[in-house]
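Structure, as structure tokens:
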Amino acid sequence: MSFKKDMKNLNIDINKFDENTGTITFKLSLNNIFDLNYPCVRIFQIVKNDVIFILERYDKYFRFIQCKPHSKTKICKIEIDEFIEAKKLFIGMTWTEEKNNLYIGAIPPKNSDALKSSSSTESNINFRIAKDGSIFQLGDENILIGNYLFCENNKIILQPTAKELLDFQLEKINIIISNCKIKEKGFLFETILIQQAIVMMATIFEVYLRERFYELCKERKINIDSLLELISKARRDEIKNDCLAISKKENKDIIEIFLLEENFINFQSWDRSKKAFNKIFNIKFGDLGLTNDELQKTQSILTYRHKIIHSSIDMTMLNIEEVPPAEPIFTNKEFGEKSFNIIKNFLLTFHENSLKI
């Protein structure tokens, strides 16, 4: 059933589906709603500015689902048993930033009260909108999806958000650090894993900031000319023409080409990332609420990554050229844990601030 037909048949005004707060009521004829030969009967599925609203009969429950980018999914559930003999149903839904509610009553009513279900967040279930407009459910009540990628005709149509990438990579780094100190393996095993963890920390710093920058560009409708101001004047026309040509040939978003495919902004660099977010979105690293010490230590992790990868000197001791008089910095589990907490705190704090602009 098409989107417009759903709305017409249910007499629902799509304009009432505000992303943040709203109330919808309507009457529903039951038809095949309770036919359990169909595990799921979707009553409607609506997308409003990347926010997904779903009402469905799933197994033996009615479910009202709201899924917003960067938020946990809210799901209200009411058992169907009370309503199987009803001819029609009254359905009401309310949603706010704090909680959602689903109200259902039989027509004619068995009693004067409608049943009510307050929402709960569901950490395992998410819905995402692909580039072709398709909606995918990720995970279920007992199934957690750590990472995902959907391709069609050799093209990616759905991939994780910046925050999902961040969470998954932080979990992987945490696993490496937690399991690196095995007595039988010795210190060499420990330092190898910690060095790898540091490289991964710097990598997720770059990948997360690049992906989040792209997301914010789409949300704020930033154009290519604004981004070109981050590039030297001498190359702006050349880069713009190249990106336009690729965009036209491959039917891709020019901002995606500029940021993700051609990487004209080096998000591995602290200074260039800082400049880009400040100039385009007025997000200042120094105004995130972190101390100067925390900011300096975050920068150090990026420096250590470069040394581990490019230095011809073994990096079991990261500051060997400064010792003495400096105290040695060993790539052991203790240092790995401290570094992980620093980079994690910076990126999660940054993400929370990026949601406020």
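If you take the residues in the range 154-175 that are more than 15 Å from the chain's Cα centre (by Cα) and over 27 Å from CYS40 (Cβ atoms), which one is surrounded by the most Cβ atoms within 10 Å (Cβ to Cβ)?
Filtering first and then ranking leaves ILE173.
Test each condition in (1) in the same structural domain as THR349 (by TED's automatic domain parsing); (2) assigned to a loop (DSSP other than H, G, I, E, B) for ASP167 and report the one that comes out false.
Of the numbered conditions (1) in the same structural domain as THR349 (by TED's automatic domain parsing); (2) assigned to a loop (DSSP other than H, G, I, E, B), the odd one out for ASP167 is (2).
May I ask you to say which residue of LYS275, LYS248 is of a type in the set (Lys, Arg), free of Cβ contacts under 8 Å to residues at least 24 places away in the same chain and assigned to a helix (DSSP H, G or I)?
Of LYS275, LYS248, the one residue that is of a type in the set (Lys, Arg), free of Cβ contacts under 8 Å to residues at least 24 places away in the same chain and assigned to a helix (DSSP H, G or I) is LYS248.
Out of GLU294, GLU256, which single residue is acidic (Asp, Glu), modelled with pLDDT of 95 or more, in a helix (DSSP H, G or I) and in contact with a helix residue (DSSP H, G or I) (Cβ under 8 Å, 6 or more places away or on another chain)?
GLU294
Restricting to strands (runs of 3 or more DSSP E) lying wholly in the range 98-144: which have 3 or more residues that are among the aliphatic types (A, V, I, L, M) and over 30 Å from ILE156 (Cα atoms)?
Once the strands (runs of 3 or more DSSP E) in the range 98-144 are filtered for at least 3 residues that are among the aliphatic types (A, V, I, L, M) and over 30 Å from ILE156 (Cα atoms), what remains is 100-107.
Kindly indicate which of LEU347, LEU355 is surrounded by 11 or more Cβ atoms within 10 Å (Cβ to Cβ) and at pLDDT 95 or above.
It is LEU347.
For residues that are more than 27 Å from the chain's Cα centre (by Cα) and among the basic types (Lys, Arg), scanning just the range 234-277, find the one that is surrounded by the fewest Cβ atoms within 10 Å (Cβ to Cβ).
Taking the candidates together, the pick is LYS249.
Does ILE176 satisfy being aliphatic (A, V, I, L, M), in contact with a Phe, Trp or Tyr (Cβ under 8 Å, 6 or more places away or on another chain), more than 27 Å from GLN137 (Cα to Cα) and part of a helix (DSSP H, G or I)?
no
For the range 53-77, what are the residues that are over 30 Å from ALA162 (Cα atoms), surrounded by fewer than 21 Cβ atoms within 10 Å (Cβ to Cβ) and not aromatic (Phe, Trp, Tyr)?
ASP59, LYS60
If only one of ILE313, ILE283 is of a type in the set (Val, Ile, Thr), part of a loop (DSSP other than H, G, I, E, B) and exposed (fewer than 15 other Cβ atoms within 10 Å of the Cβ), which one is it?
ILE313
All but one of (1) part of a helix (DSSP H, G or I); (2) modelled with pLDDT under 95; (3) within 26 Å of GLY139 (Cα to Cα) hold for LEU188, so report the exception by its number.
(3)
The values are calculated or read from the model by the stated rules, or taken from the named source; none is laboratory data. Note that this is a predicted model, so its numbers are computed, not measured. We place every Cβ from the backbone using ideal geometry, glycine too, and count neighbours over all the protein chains shown.
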